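These notes concern the structure reproduced below.
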Amino acid sequence: MLQATMGFVEVILLVTGVLFIAKSMFLYAKRTKDWSGVAVMVIKRVGMDAHEYRWYRFGVSCFVVGVIVRIVNMTFWPQL
C-alpha cells in the first residue's frame, strides 16, 4: 500500500514540477516577447521578475522532491 502511494506521490511531484517550470518559462517569454530566450533560460541566467522566479523555484523544488521520493521508493521497494 505504501509503495503504491509513494509511486503516486512521485509521479504527481515530478509532473507538477515540470508544469510549474514550463509556466515560469511561458510567463517569461510572454513578458519579454523573447521566445528563443526560453531555451537559454536553462543554461544561463535570464532576467526573470519575482513572480516568474517564484514559479520556477517552486517547480524545481517539486521536481527535486519527486526525485528524492523516487530514490527512497527504489531503495526500500526495488523492482527486479
Original post:
All but one of (1) part of a helix (DSSP H, G or I); (2) open to solvent by less than 70 Å² (accessible area, probe 1.4 Å) hold for Val46; which doesn't?
Top reply: (1)
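Can you pull out the residues in the range 6-42 that are in contact (Cβ under 8 Å) with a residue 60 or more places away in the chain and open to solvent by 50 Å² or more (accessible area, probe 1.4 Å)? Break it down into steps so the answer makes sense when it comes.
Within the range 6-42, the first condition is being in contact (Cβ under 8 Å) with a residue 60 or more places away in the chain, and the residues that meet it are 6-7, 9-10.
If the condition is that a residue be in contact (Cβ under 8 Å) with a residue 60 or more places away in the chain and open to solvent by 50 Å² or more (accessible area, probe 1.4 Å), then Val9 is the only one that fits.
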Original post:
Does any residue in the range 58-80 that is exposed (fewer than 13 other Cβ atoms within 10 Å of the Cβ) come within less than 6 Å, Cβ to Cβ, of a residue that is part of a helix (DSSP H, G or I) six or more places away or on a different chain, and which pairs are these?
Top reply: Trp77/Gln3
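The values are calculated or read from the model by the stated rules, or taken from the named source; none is laboratory data. For clarity, every value in this text was computed on a predicted model and none was experimentally measured. As a convention, Cβ positions derive from the backbone with ideal geometry for all residues, glycine included, and neighbour counts pool all protein chains shown. In case anyone asks, the SASA skips ligands and DNA or RNA and just uses the protein heavy atoms, side chains included. Shrake-Rupley method; radii C 1.70, N 1.55, O 1.52, S 1.80 Å.
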